[in-house]
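Here the structure comes first, spelled out in structure tokens, and everything after it is commentary.
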Protein chains: 2
Amino acid sequence: MPRSTRRRPALAHPATEEIDLFDVLHALSDPTRMTIVRVLRAEPERACGTFPVDVAPSTLSHHFKVLRESGLISQREEANRRFSALRAADLEHRFPGLLDTVLAAHDRTAAENTE
Amino acid sequence: MPRSTRRRPALAHPATEEIDLFDVLHALSDPTRMTIVRVLRAEPERACGTFPVDVAPSTLSHHFKVLRESGLISQREEANRRFSALRAADLEHRFPGLLDTVLAAHDRTAAENTE
């Protein structure tokens, strides 16, 4: 057996066909998680500690776990850093139009709050 | 002051412009609440005890409260019965396409489960 270079258990991700609608809706029902999703829509991936959110590290870690387990984001580890990416294509395949429609709804809300 | 015929406090409903996206997503993230919404999409209103859901009355009461306070449904009382209706037009005005897209996503999931 080859020597493993992995120091932590592999990160669990649901397969595209296993993505659950209720998990996705729950994941999107929180402002911090919505911010993470919006940031990730604009770039291919991002290191976990660099998101513009103001929550404690343990809380943020929980939010990333909810997002990953729902199928909204994928995560990978490299050189002691964890990178996140939006599973936009998987989501679109699984639930066509859902992510765009929810984000458009959030854009309306965000526009109101800055008026 | 006219004598009130109301025996309980008036049921609170958010105004259309106050409907919160996170509240709506949270309300839709539960299978029982999703069933209630789907039933109400097909008829103008329905008495609360007549929905095809298998949960305890206190749990059901909580689900209706979450749905009403999110703005997804309206409720009115008449002759000791409480009737619920989907606020489809208000939702469409507030977040265009959102309810239809979520319900279409749920239709896909429901179709899988009966295959």
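Each reported figure results from applying straightforward, stated rules to the coordinates on display, with no laboratory input. Everything quoted here is computed from the prediction, not taken from an experiment. Don't worry about glycine lacking a Cβ; one is built from the backbone with ideal geometry, like all the others, and counts go over all protein chains shown.
List of remarks:
- Charge tally around B:HIS93: other residues with Cβ under 15 Å, Lys/Arg +1 each, Asp/Glu -1 each, net -4.
- Cα gyration tensor category, rounded, prolate or oblate, for the stretch A:1-101 with a/c compared to 1.5: oblate
- The same position A:THR109 in the other copies lies at 1.8 nm from this copy, comparing label points 7 Å beyond Cα toward the beta-carbon, shortest first.
- Projecting label points 7 angstrom from Cα along Cα→Cβ for B:ASP107 and B:LYS65 puts them 3.4 nm apart.
- MRE, 222 nm, helices only [DSSP H, n ≥ 4, -39500 (n - 2.57), over chain B, to nearest 500]: -15000 deg cm²/dmol
- In this calculation the C-beta distance from A:PHE83 to B:GLU77 is compared with R0 = 35 Å, giving a FRET efficiency of 0.05.
- Local net charge near A:ILE19, Cβ-Cβ under 13 Å (Lys/Arg +1, Asp/Glu -1): -4
- Shortest-first nm distances, A:GLU17 label point to equivalent points in other copies (7 Å, Cα→Cβ): 4.8
- Ascending list, in nanometres, of distances separating the B:PRO96 label from those of the other copies (7 Å, Cα toward Cβ): 2.0
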